[in-house]
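See structure below.
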Amino acid sequence: MKALEGIRILDFTHVQSGPTCTQLLGWFGADVIKVERPGVGDATRKQLVDVEGADSLYFTMLNHNKRSLTLNTKHESGKAVLERLIRICDVMVENFAPGALDRMGFSWERVQEINPRMIMASVKGFGPGPYEDCKVYENVAQCAGGAASTTGFLDGPPLVTGAQIGDSGTGLHLCLGIVAALYQRERSGRGQRVLAPMQDGVLNLCRVKLRDQQRLEHGPLKEYSQYGEGIPFGDATPRAGNDSGGGQPGRILKCRGWEDDPDSYTYFITQAAVWESICDVIGRPEWKTDPDYATPPARLPRLNEVFGAIEQWTMTKTKFEVMDICNPLNIPVGPILSMKELSVEPSLRESGTVVEVDHPERGKYLTVGCPIKMSDSPVDVVRSPLLGEHTDEILREVLGYSDEEIVSIRDAGAI
Ligand code: COA
């Protein structure tokens with residue numbers, strides 16, 4: 001028994017944001033039917049190809065636990081199949097460019113007519129407003145949602161982050177909306193429209209930066225390094241390098257070997273509660289009582305000096321030694337881990353967060369499994385489907401078409 005067993009998803013998603021959401025629903029136990037254009041499929045199948053002739057990792061890593069149905073939904077026979085699918089599915093998830101579904105003849109109003117219990121969930125780049133008709137990809141969302149303007153160093157340009165907060169982040173938001181809508185439907189008996197705009201999702205994840213925007217009106221942001229450096233603030237939340245976004249100052253500091261290893265760094269947080277331990281560890285016991293260093297407000301104008309001294313110490317240790325020494329003292333630190341290190345980390349393999357999957361075209365590959373662990377709904381990661389792998393099975397077993405009808409739909413060129 002899995003959490004969403006019995007729930008059927010009409011997965012009309014492509015690229016990353018929507019597929020992230022439907023993959024999670026699949027991991028929670030829903031039957032996810034991915035509808036793809038015949039002969040073409042999700043564009044990512046053939047993007048960033050590393051093994052000639054095989055579905056790309058971009059596609060496989062976002063489309064586990066789904067079945068693939070090819071269907072030309074602009075063809076009359078294809079539309080008839082889609083209508084039947086809408087009738088029997090619980091949730092329809094899509095992330096087409098604005099207006100594409102309407103042009104196809106399946107507006108929200110029409111979908112409700114066909115199935116009033118349907119939850120229709122969409123990712124779009126922007127919500128209602130001046131940009132609602134725009135096509136949007138990850139980095140556009142990071143820029144329009146406030147992440148880029150607040151990421152990077154003060155003297156450099158805005159930066160996008162490697163974490164796909166626009167695509168995968170919005171997929172997560174949408175998934176939460178869908179599960180809540182399913183719960184509400186239990187009581188109301190009705191479906192509803194769920195919209196997760198990427199700009200809104202990114203801004204939600206940048207909540208603390210809007211917090212700082214308002215704090216700026218009341219004076220400088222004293223926990224930002226630029227305060228101690230005497231650099232005046234402008235009128236918008238600035239880029240803060242690796243400063244911590246919270247009330248406990250932190251930085252990324254060099255560790256032993258940093259000259260040759262780009263990831264030989266640690267994040268180090270000078271949490272107030274463990275300041276005395278930090279002073280002892282780095283060999284500055286006098287800072288425990290010196291009024292210039294003993295309290296958090298006293299340290300704020302001196303963060304460069306404080307972190308400089310800590311870094312002198314971390315540079316004598318590897319990032320793992322820093323962890324081993326600081327953890328027992330409750331000093332919050334974390335090594336900068338590379339993708340290479342994460343891919344072989346035994347605990348992530350054991351927890352099912354990094355999973356090896358076998359694929360008929362490409363052989364074995366690694367993927368990120370479900371990051372949400374539920375005690376009563378275990379996740380088995382099942383390889384992504386080949387294009388149209390389940391077309392006949394779905395038409396026959398889910399939609400009840402006879403073999404003759406399937407042949408006639410195929411002859412019409414709709415599947
Ligand atoms: N059968 C027939 N036609 C199909 C089809 C099917 N099974 N599946 C899709 N199509 C059609 C669509 O109807 C659309 O046709 P139209 O433009 O003539 O109406 C066409 O394929 C292309 O769809 P579109 O969504 O515009 O794809 P795109 O490659 O041009 O744009 C995005 C890609 C991601 C920019 C765009 O989909 C988008 O902005 N999505 C919303 C935001 C989003 O999720 N972005 C992040 C993606 S990770």
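The values are calculated or read from the model by the stated rules, or taken from the named source; none is laboratory data. Here the structure is a predicted model, which is why all the values come from computation and not from measurement. Note that we place each Cβ from the backbone using ideal geometry, even for glycine, and neighbour counts take in every protein chain shown. The area values use the complete protein model at the heavy-atom level, side chains included, leaving out ligands, DNA and RNA. Shrake-Rupley method; radii C 1.70, N 1.55, O 1.52, S 1.80 Å.
The figures follow:
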| read-out | value |
| --- | --- |
| Residue in the stretch 44-55 that is among the charged types (D, E, K, R), within 19 Å of His173 (Cα to Cα), more than 9 Å from the ligand (Cβ to nearest atom) and in contact with a helix residue (DSSP H, G or I) (Cβ under 8 Å, 6 or more places away or on another chain) present | no |
| From Gly169, Gly146, residue being of a type outside the set (Lys, Arg), crowded, with 17+ Cβ neighbours inside 10 Å and assigned to a loop (DSSP other than H, G, I, E, B) | Gly146 |
| Condition broken by His75, with the remaining ones in (1) open to solvent by 20 Å² or more (accessible area, probe 1.4 Å); (2) near the ligand (Cβ under 8 Å from one of its atoms); (3) closer than 23 Å to Ala181 by Cα satisfied | (3) |
| Which listed residue, of Arg117, Arg87, Arg110, Arg103, is within 11 Å of the ligand (Cβ to nearest atom), of a type in the set (Lys, Arg) and farther than 27 Å from Lys209 by Cα | Arg103 |
| Every pair of residues 6+ apart whose Cβ atoms lie under 7 Å, when the first sits in the stretch 127-141 and is on the phi < 0 side of the Ramachandran plot while the second is among the hydrophobic types (A, V, I, L, M, F, W, C) and more than 7 Å from the ligand (Cβ to nearest atom) | Gly127/Leu195; Glu132/Phe126; Cys134/Phe126; Val136/Phe126; Asn139/Val160; Ala141/Val202 |
| Of all residues in the stretch 268-294 being part of a loop (DSSP other than H, G, I, E, B) and in contact (Cβ under 8 Å) with a residue 24 or more places away in the chain, the one that is nearest to Trp313 (Cα to Cα) | Gly283 |
| Filter pass, Val123 being within 11 Å of the ligand (Cβ to nearest atom), touching a residue at least 60 places away in the same chain (Cβ under 8 Å) and touching a Lys or Arg at 6+ places or on another chain (Cβ under 8 Å) | no |
| Residue in the stretch 218-232 that is over 30 Å from Val91 (Cα atoms), of a type in the set (Phe, Trp, Tyr) and free of Cβ contacts under 8 Å to residues at least 24 places away in the same chain present | yes |
| In the stretch 62-72, residue surrounded by the fewest Cβ atoms within 10 Å (Cβ to Cβ) [restricted to those that are within 13 Å of the ligand (Cβ to nearest atom) and in a loop (DSSP other than H, G, I, E, B)] | Asn72 |
| Subset of the stretch 1-21 that is part of a loop (DSSP other than H, G, I, E, B), among the β-branched types (Val, Ile, Thr) and within 10 Å of the ligand (Cβ to nearest atom) - its residue that is most open to solvent (accessible area, probe 1.4 Å) | Val15 |
